[in-house]
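Nothing in this text is a laboratory measurement; each read-out follows from the coordinates by a stated rule. It should be emphasised that the depicted structure is a prediction, and the values quoted were computed from it without experimental measurement. Please note: Cβ atoms are built from the backbone with ideal geometry, for glycine as well, and neighbour counts cover all protein chains shown.
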Amino acid sequence: MSLEDFYASNSHYRTRVVLNSRDSKSDVVGAAAAGYLSLYLILLCCEFI
């Protein structure tokens, strides 16, 4: 699901997600951990809205 699709179906959400990309410098485990943490924080924030 894209962000556009998400906000189209959830227009009542006032917070917006901003995607920031970074070079993982070939650190696959670190990149996966950062992605997991980001997703967790997004889901945690949405729970309180």
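Descriptive notes on the structure:
- Neighbourhood charge, 11 Å Cβ-Cβ cut-off, centred on Ala31 and excluding it, Lys, Arg +1 and Asp, Glu -1: 0
- By the count of other C-beta atoms within 10 Å, a proxy for reagent exposure, Tyr7, Tyr40 are ordered fewest to most as Tyr40, Tyr7.
- Of the two radii for the chain, the radius of gyration is 1.05 times the Kirkwood radius, both from the alpha carbons; that is the Rg over Rh value.
- C-alpha long axis of helix 28-47 to longest principal axis of the chain, angle in °: 20
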